[in-house]
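The values are calculated or read from the model by the stated rules, or taken from the named source; none is laboratory data. The structure displayed is predicted, hence computed values, not measured ones. Counting neighbours? That spans all protein chains shown, and the Cβs are built from the backbone with ideal geometry, glycine included. In case anyone asks, the SASA skips ligands and DNA or RNA and just uses the protein heavy atoms, side chains included. Shrake-Rupley method; radii C 1.70, N 1.55, O 1.52, S 1.80 Å.
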Amino acid sequence: MASRGSFSNKLGFILAAAGSAVGLGNIWKFPFEVGNGGGAAFVVLYLTFCFILCFPVMITEIAIGRKTSLNPVGAFSALGFKNWNIVGKLGLFCGVLILSFYNVVAGWAFGYFIEMLMGNFEIGQAFGEYIKDIFKVGAYAIVFMFSTAFIVSKGISGGIEKAAKILMPTLIVMILGLVVYAMTLPNAMKGISFYLVPEFSEIDMGVIGGALRQAFFSLSLGMGALITYGSYVGKDDNIVSSAAYITLMDVGIAFIAGLMIFPFVAFNLGGDMQQVTEPGFGGPGLIFVTLPGVFENIGGVLGILVGSFFFLLLSFAALTSTVSLLEVPVAYVVDEHKVGRTKAVWLVAGVIFLIGIPSLLSGGYSEFFSNFSRIIGVADTIDADFLSFVAATADVLLLLGGCLIVFFAGYIWKKHNLNAEIAQGYKGYDNSFVKTFLNFAITILCPILLALLFVMVLLNNFFGISII
Ligand code: TRP
């Protein structure tokens, strides 16, 4: 174990895993997915999925990782099922896809930090132009990938853990402050009721699929990121309570990010929340268009301070996520191909940056990549640009991965082995309700529902076919 490194203690692991989970998914993606999904009904489904379907998957991933002390590909082989390492490879592929576009968005966020510092609040209105300026946003993306690679090259407890420990709490305090400010603005309550008062009649396949995809993405599940992080966890740590903390932190931060953003949006729109659900308004631009106007409204030096600090923290939140995304393929190359850590890091980061170039060009610079989905004939249930296409593809693969991971644990590796791993570090597990629920979840609930939903989301997102 020593040569691979490990987290220094349970708190270090929880914070790093929560750092992986908390990122652009919570603050950038969650609000616009809620907007697309029509508001509060989406939020209710999202919360339900997180606790009922995702929580068992999270425990399973961490347990597989800790049992084997390996990356997702090696882990399946080490348990004696070499054929199943295809699930790990799928996860690896998925992680590469996610990092390729995520890094681009993280670059936007970092660039906004600089724009805010210079007091350029007009950038919100000029967001469309901003992402077309590919030399600028490209440079930010390079800076971001470079920083990610630097931290990952420092190893587990030195880099990843330290960064997460300081930055996460600061971000939470900052968002809470903005929530309080948001509540004082005109029309704030219209935003809140859009966010929190559900209209269940609005639920359709798009809303269900969107909520499930968001749950998986936000919790970093389905691709083995938590198998990898689990591989650095101590044998006497309690996996279940760790997973509970990680889930609560992630869901909590997404939730308060919503409390912050929807009053702001309502303020900007003069209370007409219907516009948020219309295609073309929300989407990937939502926070980038909305927030600068809010900071301008705060005004003066304070506006500049709050605005720049916010985007700086958002960049850091993104950084603890990109770090986890890069860590997976790096751990794979280090474990399975015996390449040194530093070399593996720079190699993999470089390749993923290149794979992200089409996403970089898809904000209007390249006609082809900006209209990619329409050109190749994908249904208009996903946005046309290449970045959104890759994001949707990765999301769907996460569902597949999650389904296969629980199926594997329940039926191939067998649940008594999973239980034995979980029981280590959790006294009383064997007689607990948690065990009963978990066993039901991994053998019946999750495999069946995830398989069904995977097929339904695939048909809906890519072919525009809706079963319900
Ligand atoms: N969960 C992160 C976010 O919300 C993104 C992320 C990091 C991720 N690692 C992942 C998503 C692994 C899926 C799988 O921003």
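Using the Karplus curve 6.51 cos²θ - 1.76 cosθ + 1.60 with θ = phi - 60°, what ³J(HN,Hα) values do you get for each residue of region 247-260, in whole Hz, with x for Gly and Pro?
Karplus-based 3J(HN,Hα) across region 247-260 equals 4, 5, 5, 5, 5, x, 5, 4, 4, 6, 4, x, 4, 7 Hz.
Hey, if you drop one equal point scatterer on each alpha-carbon of the chain and run the Debye formula without solvent, what base-10 log of I(q)/I(0) do you get at q = 0.08 Å⁻¹?
Debye output, listed in q order: -0.43.
Can you find, among ASN187, ALA257, THR443, the residue farthest towards the positive end of the dipole of the chain? Put +1 on the C-beta of Lys and Arg, -1 on that of Asp and Glu.
THR443
Towards the positive end of the charge dipole of region 336-413, with charges on Cβ (+1 Lys, Arg; -1 Asp, Glu), say which of LEU347, PRO358, SER388 has the farthest Cα.
Value: LEU347.
Find which of GLY107, GLY224, PHE30 sits farthest along the positive direction of the dipole of the chain, computed with +1 on the beta-carbon of Lys and Arg, -1 on that of Asp and Glu, about the Cα centre.
GLY224
Compute the label zone of VAL339 within region 211-235: residues whose backbone N is under 20 Å from the point 7 Å along Cα-to-Cβ.
Inside the label zone: 224-225, 228-229.
Please list, in order along region 57-73, the HN-Hα scalar couplings obtained from phi with the Karplus expression 6.51 cos²θ - 1.76 cosθ + 1.60 (θ = phi - 60°), rounded to whole Hz, x for Gly and Pro.
Those phi angles translate into 5, 4, 4, 4, 4, 4, 5, 4, x, 5, 4, 9, 6, 9, 5, x, 6 Hz.
With just the Cα atoms defining each centre, how far is region 220-277 from region 91-135? Give it in Å.
Region 220-277 and region 91-135 have Cα centres spaced 20 Å from each other.
Return one number: the angle in degrees, 0 to 90 and rounded to the nearest 10, between the long axis of the Cα atoms of helix 134-153 and the longest principal axis of the Cα atoms of the chain.
Here the helix axis deviates by roughly 30 degrees.
For ILE298 and PHE81 in one chain, what is 0.36 nm times their gap in residues minus the Cα-Cα distance, to one decimal in nm?
72.3 nm
Taking the Cα centre of region 218-364 as origin, sum charge times position over the Cβ atoms of Lys and Arg (+1) and Asp and Glu (-1), and report the length of that vector in debye to the nearest 20.
In total the dipole reaches around 380 debye.
What percentage of all Cα-Cα pairs in region 41-156 are separated by more than 17 Å?
More than 17 Å apart: 71 percent of the Cα pairs in region 41-156.
About the Cα centre of region 136-231, how large is the charge dipole given +1 on each Lys and Arg Cβ and -1 on each Asp and Glu Cβ? Please answer in debye to the nearest 20.
The calculated dipole for region 136-231 is roughly 460 debye.
Roughly how many nanometres apart are two label points built 7 Å out from the Cα toward the Cβ at TYR411 and VAL173?
Rounded to a tenth, the inter-label distance reads 5.0 nm.
Of the accessible area of the chain, with the probe set at 1.4 angstrom, what percent is carbon plus sulfur?
68 percent
Residue by residue, what Karplus-based ³J(HN,Hα) values in Hz, rounded to whole numbers, does region 369-378 have, using 6.51, -1.76 and 1.60 with θ = phi - 60° and x for Gly and Pro?
6, 6, 10, 3, 4, 5, 5, 8, x, 7
Check cross-link reach from LYS235 to the lysines: straight Cα distance under 19 Å, and skip same-chain residues fewer than eight apart.
LYS235 reaches LYS10, LYS67, LYS415, LYS427, LYS435.
Using only Cα atoms, tell me the angle between helix 40-49 and the longest principal axis of the chain; keep it within 0 to 90° and round to the nearest 10.
10 degrees
Based on the alpha carbon coordinates of region 142-271, what radius of gyration and maximum Cα-Cα distance (Dmax) apply, in Å?
18.5, 54
Can you tell me the accessible area per residue over the chain, all protein chains present, probe 1.4 angstrom, in square angstrom?
With all protein chains present, the chain gives 36 Å² per residue.
Within region 282-386, list the trypsin sites (Lys or Arg not before Pro) lying in a DSSP loop whose Cβ has at most 10 other Cβ atoms in a 10 Å radius.
LYS338
Full extension from GLN275 to LEU185: what is 0.36 nm times the residue separation minus their Cα-Cα distance, to one decimal in nm?
Extra length from GLN275 to LEU185 when fully extended: 30.5 nm.
Roughly how many debye, to the nearest 20, is the charge dipole of region 382-461 about its Cα centre, given +1 on each Lys and Arg Cβ, -1 on each Asp and Glu Cβ, and no other charges?
Approximately 480 debye in magnitude.
For q values of 0.29 Å⁻¹, compute log₁₀ I(q)/I(0) with the Debye formula on a Cα-only model of region 175-239, without solvent.
Values returned for q = 0.29 Å⁻¹ are -1.16.
Compute the Rg/Rh shape ratio of region 282-384: radius of gyration over Kirkwood radius, all on alpha-carbon atoms.
1.11
Sort region 239-298 into rounded, prolate or oblate with this rule: let a ≥ b ≥ c be the square roots of the eigenvalues of the Cα gyration tensor; rounded if a/c is under 1.5, and if a/c is not under 1.5, prolate when a/b is larger than b/c, oblate otherwise.
Cα axes put region 239-298 in the prolate bin.
Tell me, what is the percent relative contact order of region 366-468, built from C-alpha pairs under 8 Å that lie six or more residues apart?
Result for region 366-468 is 33 percent.
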